[in-house]
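The values are calculated or read from the model by the stated rules, or taken from the named source; none is laboratory data. Predicted model only: the values in this text are computed from it and were never measured. Virtual Cβ from ideal backbone geometry, glycine too; neighbours counted across all protein chains shown.
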Number of protein chains: 2
Amino acid sequence: MIKSLTRKQQEIFDFLLQHQDRFSHPPTLEELCASMGLKSRGSLHNHIKALISEGLIEAPERKQRGIRLTEYAKQMINSSDDQSALPFVGFIAAGKPIEAVENITYMAIPEQLKTQKPCYVLKVKGDSMLEQGIYDGDWVIIEQRCHARNGEIVVALVNKSEATLKFIEQYPHETLLIPANSTMEAMRYNPAQVEIQGVLVGQMRSYTKNH
Amino acid sequence: MIKSLTRKQQEIFDFLLQHQDRFSHPPTLEELCASMGLKSRGSLHNHIKALISEGLIEAPERKQRGIRLTEYAKQMINSSDDQSALPFVGFIAAGKPIEAVENITYMAIPEQLKTQKPCYVLKVKGDSMLEQGIYDGDWVIIEQRCHARNGEIVVALVNKSEATLKFIEQYPHETLLIPANSTMEAMRYNPAQVEIQGVLVGQMRSYTKNH
DNA sequence: TAGCAGCAGAACAAATAAAGAACAAGTAAA
DNA sequence: TTTACTTGTTCTTTATTTGTTCTGCTGCTA
């Protein structure tokens, strides 16, 4: 599972995984020693340090609050049993290809913000949908499909290279991509130049600015 | 489980949870001491203070027999299996009291849109925060607290009757509630008239219009 | 050999917990 | 109302628990 752990470290981590529910409080080093059959906290602490630097457990510095698994570690056991989660796949900025994120993470999305069809999450860079209430840094939930009705907001791939989030208007000989920002102008394309990658179904914004 | 409690604090909280029905009156510190096997009220009181600042219990100042569990604490017992869900409690329209919904439902909210503190979800009616990208029909995630910094967006209760979602500016002799809509004007109040009920930490919008 | 993983134990500092004194606000009885 | 008692609160002092660092030891392996 994890490469750089020694046998003993793996053993301790497995123990914590299996018994995470058994402890009403996060276990102290002393309790863990007893469980692992050790007599010295100092010995155990070296393993703990290793697990912390792997990001698997956390132990608030100096605080006597015991050893906890990180969210990351919990995800490793049951990462696929959450139906409500959607993948956060990357960033979309008008005029650039979608910038994929290296490790895909999953976000819990309320039912009301998605559809029955496959959906994914992007983060918006730029102000092209400003007047539609979609700001720089907002997340958007996109339903994956390759066609849209006029007036929907779509993720469009132009000339197989530039992705953008815009209103779409499709006519027999012309496709318009229209920003919701009066300082920008609508773009006119040959329908063959524009490929629809998905349709906007939801939007989210954090006001705590830690992301 | 709650992160920032020490073991003794957790122990006392657990005791209060288990025995909330047994006491016809809320227990005194003395009675709690006896139950926890302590000899000094002073010792216990420190833990009580910690639980209060965590928002788990309430103790009206100086009142005797005043220790009660918070709504938030009670909510934790029955929803402890689903950490990501927040209650959708009702609608907020500028100038009206919060319209509570009859059956509280729970929405799965991504971590990035909430805080460690208790939060709840409201649905917005009206356009008073239009220029901040909060539209009629959007959901907002509110952190439950009774104070705010200037410039934050708060749920404020004015004259104990009208709830509203506005920017807040607090000065010694005046509290301003400022809409993000240039067609509306800031409202000036005596600080005593304005009660803060929560602070905006997240926002969500559906584009499928079925809600 | 050197190097690594692992264990035990000593020692230290910070966090946590307890007891008790003292005081003020609430409560109830006279 | 006055008085006595209870209860909540604050503070200081002391003790205990816990996380952390170090040193020294053992066995294993390349």
*asked:* For segment A:22-57, give me each residue that is more than 9 Å from DNA strand C (Cβ to nearest atom) and exposed (fewer than 14 other Cβ atoms within 10 Å of the Cβ).
replied: A:22, A:24, A:30, A:34, A:49, A:53, A:55
_Check on residue A:10, surrounded by 14 or more Cβ atoms within 10 Å (Cβ to Cβ) and at pLDDT below 90_ = yes
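Conditions (1) more than 23 Å from residue A:31 (Cβ to Cβ); (2) outside the structural domain of residue B:198 (by TED's automatic domain parsing); (3) in a loop (DSSP other than H, G, I, E, B), marked per residue:
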| residue | (1), (2), (3) |
| --- | --- |
| B:11 | no, yes, no |
| B:15 | no, yes, no |
| B:23 | yes, yes, yes |
| B:27 | yes, yes, yes |
| B:31 | yes, yes, no |
| B:39 | yes, yes, yes |
| B:44 | yes, yes, no |
| B:47 | no, yes, no |
| B:55 | yes, yes, yes |
_Whether any residue in segment B:163-174 is in contact (Cβ under 8 Å) with a residue 40 or more places away in the chain, surrounded by fewer than 16 Cβ atoms within 10 Å (Cβ to Cβ) and not hydrophobic (A, V, I, L, M, F, W, C) is what I want to check._
no
*Being out of contact with any helix residue (DSSP H, G or I) (no Cβ under 9 Å at 6 or more places or on another chain), modelled with pLDDT under 90 and closer than 19 Å to residue A:204 by Cβ, is that true of even one residue in segment B:119-130?*
yes
_So in segment A:10-31, with the set limited to residues that are more than 18 Å from residue A:74 (Cβ to Cβ) and of a type outside the set (Ser, Thr, Tyr), which one is nearest to the chain's Cα centre (by Cα)?_
A:11
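Can you say whether residue B:111 is within 16 Å of the chain's Cα centre (by Cα), within 10 Å of chain A (Cβ to nearest Cβ) and farther than 15 Å from residue A:203 by Cβ, as far as the supplied structure shows?
Taking the combined requirement at face value, the residue does not satisfy it.
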*Got at least one residue in segment B:68-78 being within 16 Å of DNA strand C (Cβ to nearest atom), closer than 26 Å to residue B:146 by Cβ and in a helix (DSSP H, G or I)?*
no
*Which of the residues that make up segment B:185-203 are touching a Leu at 6+ places or on another chain (Cβ under 9 Å) and of a type in the set (Val, Ile, Thr)?*
B:194, B:196, B:201
*Do you know which residues across segment B:198-211 are buried (at least 17 other Cβ atoms within 10 Å of the Cβ) and either more than 14 Å from every other protein chain (Cβ to nearest Cβ) or of a type in the set (S, T, N, Q) (or both)?*
B:203, B:206
*Select the strands (runs of 3 or more DSSP E) contained entirely in segment A:82-158, then report the ones holding at least 1 residues which are surrounded by fewer than 21 Cβ atoms within 10 Å (Cβ to Cβ) and at positive phi.*
A:85-93
_As an exercise: evaluate residue B:136 against (1) in contact with a Leu (Cβ under 9 Å, 6 or more places away or on another chain); (2) at pLDDT 90 or above; (3) within 10 Å of chain A (Cβ to nearest Cβ) and give the number of the one condition it does not meet._
(3)
*asked:* One residue is enough: does segment A:106-124 have a residue meeting the conditions over 28 Å from residue A:71 (Cα atoms) and among the acidic types (Asp, Glu)?
replied: no
*Any residue at all in segment A:42-49 that is more than 7 Å from DNA strand D (Cβ to nearest atom) and either within 23 Å of residue B:9 (Cβ to Cβ) or touching a Pro at 6+ places or on another chain (Cβ under 8 Å) (or both)?*
no
